[in-house]
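Student: Below are the structure tokens for one structure; questions will follow.
The values are calculated or read from the model by the stated rules, or taken from the named source; none is laboratory data. Everything numeric here is computed off the predicted structure, so don't read it as measured data. Cβ: placed from backbone, ideal geometry, glycine included. Neighbour counts: every protein chain shown. Side chains are part of the model used for accessible areas, which takes the heavy atoms of the whole protein and leaves out ligands, DNA and RNA. Shrake-Rupley method; radii C 1.70, N 1.55, O 1.52, S 1.80 Å.
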Amino acid sequence: MLLCVAAGAAAVVPKALPSNWKKCSRDNPKLRECLADATEHAIKEMSKKGAKGLGLFPIDPLFLSRVDIDRGDGRTNGAVAIDLHLSDLNIHGLRHTKVLNVAEADISNYHFKMFVQVAKGVTLKGQYKMDGKVLVLPITGEGKCEISLENITAHIELRGNEVIKDGQKYGYMADWKFLLDTTRLRMSFDNRLNSNKQLGKQMDSFLNDNWNEIWQELRDDIQEAFSSAFREIFNRIFTKIPYDNLFPHHL
Ligand SMILES: *[C@@H]1O[C@H](CO)[C@@H](O)[C@H](O)[C@H]1NC(C)=O
């Protein structure tokens, strides 16, 4: 998957957090609460404006060039067997992200864990190309699609280590875990080639009635798409801002 959240060359010029972002001293006795608040604020700031100094484009909408979901990978052996190729996707809604909890902020061991939620959900709008079957019905088509994930939650865990570049200490987040969940998936696909209008309507309601099975099929790939996008954003921040500037001893 190609990502367009990041722009600019990777020269090692030490940067600082944008001046209007909230900062947390590592000696803050309420460090986890401070980081939850600062992260949520940073996501809001990045939503519309990005962070030019760090080479980050705005993230609401967040652009993903492709997400490919293949039945060939052995996961899809139930009622749903589709190859679904999504492209030119714009993901809307990340500005409503809440950081519910920072469960771990172990600065000296480069270990962070947080739980985030977008209660309002996000909507993926873009193009799709689909080929496969649902039950015994062949289902093919291409055109516009809209996929809504209501009330999404994500568990994010980062583990890293120290890296020295040009005499500066940076945190390198080598290990990254990202688990995504939703309480409801809704889909609408335009232009299924082989379906007449009536069949198309029935298929839409069938897909939406069986959203949980569809979600189980799509989940790994959608999770991976979100995960890569956020990993890229976090890495931009960690590789450009010296660790002691990110988490200063004093403010
Ligand atoms: C949203 O998802 C979380 C985690 O799955 C759940 O605890 C919460 O009850 C959900 N809220 C709504 C409004 O569905």
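Student: So how far apart, in nm, are the two label points at residue 16 and residue 176 if each is 7 Å from Cα heading toward Cβ?
Tutor: 2.7
Student: Quick one: with all protein chains in place, what share of the accessible area of the chain is carbon or sulfur, to the nearest percent (1.4 Å probe)?
Tutor: With neighbouring chains kept in place, the figure for the chain is 51 percent.
Student: Going down the table (23/49; 48/169; 22/49; 23/48; 22/48), which pairs top 26 Å between alpha carbons?
Tutor: 48/169
Student: Continuing with the same structure: Along the Cα→Cβ direction, 7 angstrom out, place labels at residue 100 and residue 153. What is the inter-label distance in nm?
Tutor: 0.3
Student: Another one. Taking amide H positions as placed 1.01 Å from N in the peptide plane, with prolines and chain starts having none, which residues 5 or more places from residue 50, or on another chain, fall under 5 Å of its amide H?
Tutor: Distant-sequence amide H within range of residue 50: 59.
Student: From a point 7 Å beyond the Cα of residue 146 in the direction of its Cβ, which residues of the stretch 98-133 have a backbone N at a distance under 17 Å?
Tutor: Of the residues in the stretch 98-133, 120-128 have backbone N under 17 Å from the label point off residue 146.
Student: Would you mind checking the stretch 83-108 for residues with the amide N under 14 Å from a putative spin-label position 7 Å along Cα→C-beta of residue 30?
Tutor: Of the residues in the stretch 83-108, 102 have backbone N under 14 Å from the label point off residue 30.
Student: Based on DSSP H runs of at least 4 residues, each adding -39500 (n - 2.57), what is the mean residue ellipticity at 222 nm of the chain after dividing by all its residues, to the nearest 500 deg cm²/dmol?
Tutor: Helices in the chain give a 222 nm mean residue ellipticity of -9000 deg cm²/dmol.
Student: What FRET efficiency comes out for the pair residue 223/residue 251, r = Cβ-Cβ distance, R0 = 35 Å, nearest 0.05?
Tutor: Once rounded, the FRET efficiency stands at 0.50.
Student: Tell me, in nm to one decimal, what length is gained between residue 163 and residue 90 on full extension, where the rule is 0.36 nm per residue of separation less the Cα-Cα distance?
Tutor: 22.9 nm is the gain from fully extending residue 163 to residue 90.
Student: State, to one decimal in nm, how far the label point of residue 183 lies from the label point of residue 48, with both points 7 Å from Cα in the Cβ direction.
Tutor: 2.8
Student: When only C-alpha pairs under 8 Å and at least 6 residues apart count, what is the relative contact order of the chain, in percent?
Tutor: For the chain, the relative contact order is 21 percent.
Student: Here's something else I'd like to know. Around residue 98, under 13 Å between beta carbons, what's the net of Lys plus Arg minus Asp minus Glu among the other residues?
Tutor: Summing Lys/Arg as +1 and Asp/Glu as -1 gives +1.
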